Each structure stands twice: as structure tokens, then as C-alpha cells.
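What follows is one structure encoded as C-alpha cells, with my remarks underneath.
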Amino acid sequence: MPRRVFLSYHHRLDAYRAIQIRESGLIEPTDLASDHVWACISRAGDSAVRRWIDEQMSEADCVIVLIGQISTGRQWIDYEIQRAWREGRGLLGVHIHNLKNHYGSQTSKGPNPFADLAPDGVRGVLEGSVRCYDPPYLTSSEVFEYIRHGLADWIERAIANRRSDQTWPDTRSAKTIGAAGAVGGTAINVIR
């Protein structure tokens, strides 16, 4: 049975990089949002964005944060990370700065988005518990192959890690969090 996965990313800057991951042959996209759909959702306000994220993430086993140059500290990426953690979903990060964008450009490596978040008021919990994968290559094609070859295993490890951290799903916290940045996220299925 395929794993349902939610991709969290900075929509404006990293959408093309996210498309490369979605179209890798390992995933079956569901509920993809075009630029027009994203614009409509974001113009409808924070509650509409939160509702869309919540609906997309509701059936996901795992959330993958695609870490670009400025992913850290983005309102909706932080919301997606904290929601995934709070709900006991598998959670992992993948640095995508060396994948080319639609202009054929790469960017600088962004900081770890898990480092400064404090779910349940405890700083450092995510950084110590969530694995970030940083492809050790400089060319976009090698980075893509590294991600493509590792993605299914990384997802399974993230899910197993969260399940070993808690009783699934009985210990999920009911805390709420605040939400200010670019919208991004897509639910996908991983084909095994």
C-alpha cells in the first residue's frame, strides 16, 4: 500500500524543485495546486490556507519538508512542521538548494527549519529528532538521483521513528499553534 506524503515547501521559490520530487517516478501526486489555485487560497486568508493544509495533511503518514534557501521561519512551513509533529506523523527534511529551478539556477543552502521550532514549548526537540538529508552532490542531476534513490527508505524511517517516540495515535497533542510566509504543500502517494 502506498504511503501518503505531504510535501512542505516555499511555494514561490521552490515549486519547480518540488515538481521534480513529485514527478520522480516514486510518487503519485494527489490534489496538486496550480499557481492560480495557490493564489486563490492565499487571497482567501489565513483560515482558508490553514483549512487547505489541514485537509491535505489529514491523511498523510509523513511530511517531507523540502528545504530551500529561505524555507526556515516561513509561517506556513512552520505550521506544517508543527502540525505534523503534534499529530505524530513521520517528519523529515531534504535540502533541495542544488536542484535547479525553472531558470536553471541553484541557490545557497538554507538553514535547518527544525532547529528553532519549539513544539510543546521545548526547543531543540525537532532538531534532535527529525532527520534532514543533505545530498552530497553539486550537480542537479546527481542531487535528484540521490533523493530519488533514498526517498522511500527515508519516509519509512521517519514514520518508524515517530511511532517509536509515542503510542500511535493516542498521544497526539491537542495544542494549537500560530501561523506568516509563502504557502506550499502537496499531498502525494509514495509508490513502493
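The values are calculated or read from the model by the stated rules, or taken from the named source; none is laboratory data. It should be emphasised that the depicted structure is a prediction, and the values quoted were computed from it without experimental measurement. Virtual Cβ from ideal backbone geometry, glycine too; neighbours counted across all protein chains shown. For accessibility, only protein heavy atoms count, side chains too; no ligands or nucleic acids. Shrake-Rupley method; radii C 1.70, N 1.55, O 1.52, S 1.80 Å.
Quick notes
- Per the conditions (1) surrounded by fewer than 23 Cβ atoms within 10 Å (Cβ to Cβ); (2) over 21 Å from residue 109 (Cβ atoms); (3) in contact with a helix residue (DSSP H, G or I) (Cβ under 8 Å, 6 or more places away or on another chain), the sole criterion not satisfied by residue 79 is (1).
- Residues that are farther than 24 Å from residue 150 by Cβ and either more than 15 Å from the chain's Cα centre (by Cα) or of a type in the set (S, T, N, Q) (or both) within region 80-101 comprise just one, 82.
- Residue in region 58-72 that is under 17 Å from residue 18 (Cβ atoms) and modelled with pLDDT under 90 present: yes
- Number of the condition not met by residue 141 [criteria: (1) surrounded by 17 or more Cβ atoms within 10 Å (Cβ to Cβ); (2) more than 19 Å from residue 53 (Cβ to Cβ); (3) modelled with pLDDT of 95 or more]: (1)
- Exclusive hit being on the phi > 0 side of the Ramachandran plot, surrounded by fewer than 23 Cβ atoms within 10 Å (Cβ to Cβ) and not β-branched (Val, Ile, Thr), set 73, 110: 73
- Residue in region 6-23 that is outside any helix (DSSP H, G or I), open to solvent by 60 Å² or more (accessible area, probe 1.4 Å) and modelled with pLDDT of 95 or more present: no
- Residue in region 29-38 that is open to solvent by less than 10 Å² (accessible area, probe 1.4 Å), assigned to a strand (DSSP E or B) and either touching a helix residue (DSSP H, G or I) at 6+ places or on another chain (Cβ under 6 Å) or modelled with pLDDT under 90 (or both) present: no
- Among residues of region 4-28 that are polar (S, T, N, Q), those with a Cβ under 9 angstrom from a residue that is modelled with pLDDT under 90, sequence gap 6+ or separate chain, pair up as 8/184; 8/185; 8/186.
- Residues located in region 94-151, provided they are within 22 Å of residue 78 (Cα to Cα), part of a helix (DSSP H, G or I) and among the hydroxyl-bearing types (Ser, Thr, Tyr): 129
- Any hit, region 41-60, residues being of a type outside the set (Asp, Glu) and within 30 Å of residue 139 (Cα to Cα): no
- Of residues in region 116-138 being in contact with a Ser or Thr (Cβ under 8 Å, 6 or more places away or on another chain) and charged (D, E, K, R), the one modelled with the lowest pLDDT: 120
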